[in-house]
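Undergrad: Dropping a structure here in structure tokens format, bear with me for questions.
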Amino acid sequence: MRELREAGELVVVGITQEQHPDRCRLYAQWQEFDWPILWDPFNLTGSKAVPVVLAIDEAGCVRAIGPETAWIYDEFLGLEPLQAVARSEAGSEPANTLVEVARHAPGSWERDHYEALSALVWGTSESLDGPLDVLARHAAERPADAALAFRAGVAHRLRYDSPAARPQDFQAAVDHWRRALELRPDQYIWMRRIQQYGPRMDKPYPFYDWVERARSDVRARGETPIELVAELTPAELSEKSAFREASTATEPDPKGALERAGERFAVESTVAFAARGAEPVASVHLALRPVPGAGYHWNNEAEPLRVWLAADGVRLAERSLVHAVEPGTTLEVNSDETRRLSFDAALEPGASVGRVQGYAVFHACDEATGVCLVLRKDFEVRLER
Amino acid sequence: MGYPLLLSLLSMTFVVVTASSLEASPDPQDAGWSVGRSVPDLRLPTIDGTRTIALSELRGTKLLLIQFASW
């Protein structure tokens, strides 16, 4: 196929249907793809499933979907275009907006919608907040429109991965995606977005287990792997997990003696129930971070951060004691990054509501005084389906 | 029609491709991507954000458009 491209007889272009373009960049670097790949996080193509290859003639008409290689050589290259070829004039397309914008009258909600989408896709807005607010409002005003719900979810997750992240952006993304899938249960692209962050047992196969191998192979070639904007969470990596009945871990602060972190550190939780199946299983994501301006940072000279989990009406698939940073991980002495961990949880049979209560135990330092201490941050996660 | 071409183009990890292929039959007809019809015009950024491509710009040459995801 390369010889056809080099001879100018064929153009190959990819479109990736995923939230994070950097992950696709790493994949393309690993596989040494040398054709351009476009990013369609909002599923503007409307594709319902991937992968799929379309053979398109010179006039822009689809001639085959999922063609075999032999058909490309034997028939496709010799086909006459179905219509007269109308090549667009250079510069006739909007340079930094979606074509859809021009199709709707100024002042219409559709125009506002595509302008907001343009700002997010093209990064033309200084802030994500305004475009996101427009998409969220449209999704709320038109609750039967599945695509609007999906796009609002994508926008929330975009902001969650940005420095402008707001509390509950991740949960809002998951909730919007769930709403979209309820309306269009056959939309596999949308389902994948939920499954990416959902419980491991809901994944039909490992989604991003290739990442570490890709990084290793790329380094072995003497190249630097593309850096990921949002590092993978455990929920995105492993395929299956089994629910266990009891914990053998030792609770780190059973008497509640440790000093509480209070407003110095924050915990945010996101619950993502399985996209399919009747069993009420969810992946719970926790994000822990020093509160900006509170004057504290992680102290990494001592034991790593540990999280104790206690279930009420819920079965936990993981250890009751989990580490946000695995032992042996090398960190700077002091840091202030957001630490993320996830675990799977299932409501007890017949239950519609359950709780996971827990707390994080960690070492932290006061930036003003230099005093370091052990702190405990309590949290509660409500699972309701 | 089938997936051999896709496999040769993507050289993907077989787990990724075959698993998602089996999950659902690609059915782009609903989105207007059907045989004999013109593709919707879209202008999208490349994954590195350095440029954009409109599908209409590609007219005049035969095109293989691969829709996929790395998950």
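Undergrad: Report ³J(HN,Hα) in whole Hz for each residue of segment A:370-385, in order, from the Karplus equation J = 6.51 cos²θ - 1.76 cosθ + 1.60 where θ = phi - 60°; Gly and Pro get x.
TA: Using θ = phi - 60°, the values come out as x, 6, 10, 8, 9, 10, 10, 10, 8, 7, 9, 10, 9, 10, 9, 10 Hz.
Undergrad: Next question. State, as an integer percentage, the relative contact order of segment A:99-197 based on alpha-carbon contacts under 8 Å between residues 6 or more apart.
TA: That works out to 18 percent.
Undergrad: Right, another one. Given H placed on each backbone N at 1.01 Å, which residues far from A:Val314 in sequence or on other chains put an amide H within less than 5 Å of it?
TA: Counting only residues 5 or more places away or on other chains, the set is A:Glu348, A:Arg355.
Undergrad: Just the number, please: buried accessible area between A and B, total of both chains, 1.4 angstrom probe, nearest 100 square angstrom. Display every interim value, and only then the final one.
TA: Working: alone 20020 and 6290 Å², together 19420 Å².
Approximately 6900 Å² gets buried when A meets B.
Undergrad: Which residue, A:Ala220, A:Ala282, A:Ala364, tops the fluctuation ranking in a GNM of chain A built on C-alpha contacts under 10 Å?
TA: Its mean-square fluctuation being the largest, the pick is A:Ala220.
Undergrad: Let me ask you something else. State the antiparallel share, in %, of DSSP beta bridges confined to chain A, rounding to the nearest 5. Please report the intermediate quantities before stating the final value.
TA: Details: 51 of 56 bridges.
Roughly 90 percent of the DSSP beta bridges within chain A come out antiparallel.
Undergrad: Okay, moving on. What part of the accessible area of chain A, given as a whole %, is carbon or sulfur when the probe is 1.4 angstrom?
TA: Reported share for carbon and sulfur atoms: 48 percent.
Undergrad: Something else now. Among A:Arg166, A:Arg103, A:Arg276, whose mean-square fluctuation peaks in a Gaussian network model of chain A (Cα, cutoff 10 Å)?
TA: Largest GNM mean-square fluctuation: A:Arg103.
Undergrad: Also: Long-range amide H contacts for A:Asn299: which residues qualify at under 5 Å (H placed 1.01 Å from N, peptide plane, sequence gap of 5 or more or a different chain)?
TA: Here A:His363, A:Ala364, A:Cys365 satisfy the definition.
Undergrad: Unpartnered cysteines of chain A (Cβ-Cβ under 4.7 Å counts as a partner)?
TA: When partners are defined as cysteine Cβ atoms under 4.7 Å apart, chain A leaves A:Cys24, A:Cys61 without one.
Undergrad: Sticking with this one: Where in segment A:97-179 are there GluC sites (Glu not before Pro) that are in a DSSP coil and have at most 11 other Cβ atoms within 10 angstrom of their Cβ?
TA: A:Glu126
Undergrad: As a test of the formula, what do you get for chain A when each DSSP H run with n ≥ 4 contributes -39,500 (n - 2.57) and the sum is divided by the residue count, at 222 nm and rounded to the nearest 500 deg cm²/dmol?
TA: -8000 deg cm²/dmol
Undergrad: How big is the antiparallel share of DSSP beta bridges in segment A:260-308, given as a percent to the nearest 5?
TA: Antiparallel bridges: around 100 percent, rounded to the nearest 5.
Undergrad: Taking only Cα atoms and a 10 Å spring cutoff, compute GNM fluctuations for chain A and point out the largest among A:Pro290, A:Pro167, A:Pro204.
TA: Per the Cα network of chain A with a 10 Å cutoff, A:Pro204 tops the list.
Undergrad: I'd like the Karplus ³J(HN,Hα) series for segment A:54-68: coefficients 6.51, -1.76, 1.60, θ = phi - 60°, whole numbers in Hz, and an x wherever there's a Gly or Pro.
TA: 10, 9, 10, 7, 5, 8, x, 9, 6, 10, 7, 10, x, x, 8
The values are calculated or read from the model by the stated rules, or taken from the named source; none is laboratory data. Every value quoted in this text rests on a predicted model; they were computed, and no experiment measured them. Note: ideal-geometry Cβ built from the backbone for every residue, glycine included; neighbour counts use all protein chains shown. Each accessible area value is taken on the protein alone, full model and side chains, heavy atoms only, with ligands, DNA and RNA left out. Shrake-Rupley method; radii C 1.70, N 1.55, O 1.52, S 1.80 Å.
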